[in-house]
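Read through the structure below, which is laid out as structure tokens, and then see the notes.
Values quoted throughout were computed directly from the atomic coordinates according to the rules given, and no laboratory measurement underlies them. Note that the structure is predicted; figures quoted are calculated from it, not measured. Methodologically, a virtual Cβ is constructed for each residue, glycine included, from the backbone with ideal geometry; neighbour enumeration extends over all protein chains shown.
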Amino acid sequence: MPKPVSKPMSKRVLVSSLVGVVAVGAVGAVAAGGIAVASASSSAGTKVTVANSSVRYVAPSGAAAGSITFTADVSDDSGVRGLKVLAWPASSKLDPTEAELRDVADARCHGTTASRCTYTLAVTKAEAAELAPGTWHVSVLATAKDGDTTFVPRAAAFDVTR
């Protein structure tokens, strides 16, 4: 799968990728009971930090859509501007860069210098059925109000099984 180079392609990858994490619950078991936790922080003084990352999914059931929710604590002394989230299958060899994550969907962040950022996506059974089995990675890009960024290429990982 080619790397996203424009906003529309990145959006498609984001939607199909995040749907993949939800499918784990719909099509089989996943390690850690559906929740993955990771932390990344910078040792460079006041650089923006990302900590306590977690992903929770609810598989589609009956007529109800499933969902995926990614949450992380982001902090910087200048304030938090935002957090970008992208999940992608390892088999795609996508391996997104910091620059590519600038064009994906934003999580909602609440707080000033320390924010709880959450991204939620509804997922249908049809979307879940089209996912690549295997390991999926979640990449994030945090941005502070002073322009500092922290890129975490593999903030969390899941196994999608059928």
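For S115, the shell of other residues with beta-carbons less than 11 Å away shows a net charge of +2, using +1 for Lys and Arg and -1 for Asp and Glu. Placing pseudo-labels 7 Å out from each Cα toward the beta carbon at S78 and E130 gives an inter-label distance of 4.0 nm. As a calculated quantity, the FRET efficiency between T112 and A65 at R0 = 45 Å, using C-beta atoms, amounts to about 0.85. Full extension of the segment from T46 to A105, taken as 0.36 nm per residue of separation minus the current Cα-Cα distance, would add 18.7 nm. Magnitude of the charge dipole for the stretch 48-159, about its Cα centre and with charges confined to Cβ atoms of Lys, Arg (+1) and Asp, Glu (-1), is about 280 debye. Between L94, Y119, V104, the Cα set farthest toward the positive side of the dipole of the stretch 85-127 (charges on each charged residue's Cβ, about the Cα centre) is that of Y119.
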